[in-house]
Amino acid sequence: MLKNLIIFVLKNFYIFLSILSLENNLHGQGVLDLRGQNAFQTVDLQTQWQFYYGAFLTAGEMQVLTGKVYFDMPSTWAGNNWEGEVMPGYGHATYYLRVQLDPAMSELAMKVPPMGTASRLIVNGEFIGEVGTVGDSEQNSIPKYRDVIYHLPHHEGTIDIVFHISNFHYRRGGLWQIPVLGTVEAIYKDKTAKYQLEFIVFGTILFMGLYHLGLYLYQFRSPLIVTFGLICFIMALRAASVGQYVLTDIFPNIPWGLLVKIEFISYFMVVALMAIFIRELFKDHLPMIATWIIAGTFIGASLFTIVVPIWISSHLIPFIQWATILSAVYIFYVLFKAALEKNREAVIFMVGIFILTTTLINDMLFYNNLITTGSYFAIGLGLYFFTHAMILARRFSYAFLEVKRLSHELQDSNITLEKKVYERTRQVETQNEELRLKNEQLQKLDQEKDALISVIAHDLKAPFNRAKSLLALIKASGPLTKDQENITSMIHQSTDQGHELISDLLLLYGEKQVTHKKKKIDLEQLVAETGKVYKELAIQKEITLHLQTPGAPVELTTDPHLLSRALDNLLTNAIKFTEHHKNIYLALTCDSRYVSIAVIDEGPGIPMEEHGLLFKKFQKLTPKPTDGESSTGLGLSIVKQLIEELSGSVEVESELGKGSTFTLKLPKDC
């Protein structure tokens, strides 16, 4: 079915071109006889015109010439013989045609398309109009393109038409296109129809460009979309700069050089972008190297056109036209191979390429004055872009169908997920409620535990106090033997340790608020006395305790008992965890805001990952006492609580194998 459709389109397209190329053969040498053709509306002045090169002559001067020369119009004088020499593309000349018609044919007009490259119209010896400035040299000639309509003066059955043409800015000059003679109404109707067609093509392509660039900016980030949008923009610009020259109606004063550069560059860039676009569509069939050769050739031609004058760049056109045909043939071959692999998009694209190439070849032959069919590139371009739109629409439809399918799947997944979330939420709420109840039970048990420990500690204090009293009575009863003194000393030491442990437990669990007995003390003296006591204990383990103080009084308002207990715990730990023959430092320093007491040991250090456990209750870390001393794991937690009661803080710096530094920081008196 698709094959039959393609054959039908191509057959009717050729029939259409054939109908449009029908000619009027009512002509002779320098004379066009329209007498008896009263019903005609418009007629192309496509016949043999009398020609004279190198001078601007009147109709009378052209009539009396001997050895008259006639050229078939439309044509260019470039390459033709004149007085034994080949004429260049540059120069100036006169074209003359006599039209004979019935005197009743009044209110006539002539549609004059752009000539190469400036033109002046004289009818029956009367100046009618001029496009550009006609001159006999480059200095006094100004080129211009514009499609104009002139109203012709009254006639008596004969119209002598004279065109003065000059060209010094393009590669070839002459009566390029066919003037059209007809009634005023018919001429304007014909121009309006063609103008509307080209404006529709221009507007449609421009709208397509805006639409696809909008898609790219807001939704589809695809090279295909942006490339097609740029092609549409540039083709809209080209459609407005050729044919009826819509651009000159929008911008009447646009320079001729700029108009021609737009015409050339838009043509070159469209071919380059089309190659890139086709590559994006058929990546598996069109090689990258071929794409860049085609695109590079036409982009290079665009850059060349930008930097050189028109009379140079215009010589590039024949080569670029052949490059276009060769590129189209190659791409057609690539698409044909893709079509053999049952690629439907390649078949659609082949139809578009074939129509565009056919109209392009037609226009090349027409503008080179080899055929007289007319310019149909706009029609071919419209059909070509229609095939583009079909392919993109096809891809979009597949994309939308896929999105729709995925959307349904996502919707189903969301429904399933919502059910799972609801069920999981119910489970989590149930678990949270269970955790809340268990947490309340744990809090209650913790409170009961704290109360129990407090009661036990209070009850244990009394036996220890009685034991200490009994030891005092034993010592007061009389002299003791050496063994008895050792035993009583050991009992007294154990009693003191038990009493201190009970006091610590009461501090942590029983006494929620510690009673402060703050007073102003000499902190240097307190540290020195404490260091003296612990020097003796350190000597027993062959450890040297170094005392570092400012050597002057350091006054501070604090509770000396609580501070001493904190220092006792730190120094006890330092001695307990330091090997024999090592050092411990007790240092007192002060700055503008704080007084600091640091206990520095050369023990095993504390691993970094255990720093967070240091000040928690009953925590036993990796380092062990060096002489098997006992450890409750309460010391540092007590130090932290005591110092915080004194509005201070405790800091630690320790690294495994490098010892530890514990610093008590207390705010100075204001």
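The values are calculated or read from the model by the stated rules, or taken from the named source; none is laboratory data. Since this is a predicted model, take the numbers as computed values, not measurements. Please note: Cβ atoms are built from the backbone with ideal geometry, for glycine as well, and neighbour counts cover all protein chains shown. SASA here: full protein model, heavy atoms, side chains in, ligands and nucleic acids out. Shrake-Rupley method; radii C 1.70, N 1.55, O 1.52, S 1.80 Å.
Overview of results
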item	result
Carbon/sulfur fraction of accessible area - the range 190-267, other protein chains in place, 1.4 Å, %	72
Solvent-accessible area per residue for the range 531-585 (1.4 angstrom probe, square angstrom)	50
Per-residue SASA entry for Ser327, accessible area with 1.4 Å probe, Å² rounded to 10	20
Cβ-based charge dipole, the range 181-275, positive-most Cα from Val260, His212, Ala193	His212
Antiparallel bridge percentage (DSSP; both residues within the range 509-591; nearest 5)	45
Neighbour net charge for Glu345 - beta-carbon separation under 9 angstrom, K R +1, D E -1	+3
Local electrostatic count, Gln431, Cβ distance below 12 Å [Lys/Arg +1, Asp/Glu -1]	+1
Packing-based ranking, highest mean first, of 249-262, 341-354 given that Cβ atoms within 10 Å are counted	341-354, 249-262
Apportionment of accessible area to carbon and sulfur, the range 28-186, percent (1.4 Å)	46
Neighbourhood net charge (10 Å Cβ-Cβ; Lys/Arg +1, Asp/Glu -1) for Pro223	+1
Filter on Lys541/Lys665; Lys111/Lys194; Lys616/Lys658 - keep pairs with C-alpha separation over 21 Å	Lys541/Lys665; Lys616/Lys658
Ranked by how many other beta carbons lie within 10 Å on average, peptides 268-275, 115-122 from highest	115-122, 268-275
Residues whose placed amide H lies under 5 Å from that of Cys590, excluding near-sequence neighbours	Ser596
Surface accessible to a 1.4 Å probe, per residue, for the residues of the range 107-178, Å²	34
Accessible carbon and sulfur surface of the range 287-355 relative to its total accessible area, %, 1.4 Å	79
